[in-house]
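The values are calculated or read from the model by the stated rules, or taken from the named source; none is laboratory data. Bear in mind the structure is a predicted one, so any value in this text is a computation, not a measurement. Glycine also receives a Cβ, built like all others from the backbone with ideal geometry; neighbour counts cover every protein chain displayed.
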Amino acid sequence: MFDYDQRVKEASKEQGIDDLVSALSEAGIHATSEQTGGFTMCAYIDLKNGFYIYASPTGASVYNSEDYAHDIVQFNELQSPKTIAGAVWAYLQNNQ
């Protein structure tokens, strides 16, 4: 039988989001693993001002309640969780 919650957890691990959430946590950034649709996962960071960040192993972008706002960083290839976490940390230091 198909277990939806289990499949979401597996997708988060397979796509490197669990490792990214851990790296963000190590940088002092609270993030959760969220599904954006079709088992596509991302790290979600609530900025508490109507904005939020979606991050993945290829980059991070800022969104508002309506849609995409701007990129923090984007790569053509997968990056280490620490690289993405560092870019998000730097962005938050300069924009909070």
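Worth pointing out:
- In the range 47-73, of all residues being part of a strand (DSSP E or B) and among the aliphatic types (A, V, I, L, M), the one that is surrounded by the most Cβ atoms within 10 Å (Cβ to Cβ) corresponds to Ala55.
- Scanning the range 1-17 for residues that are buried (at least 18 other Cβ atoms within 10 Å of the Cβ) and either assigned to a helix (DSSP H, G or I) or in contact with a Leu (Cβ under 6 Å, 6 or more places away or on another chain) (or both) yields a count of 2.
- Looking across the range 32-46 at every residue that is farther than 16 Å from Leu78 by Cβ and modelled with pLDDT of 95 or more, the one that is surrounded by the most Cβ atoms within 10 Å (Cβ to Cβ) is identified as Ile45.
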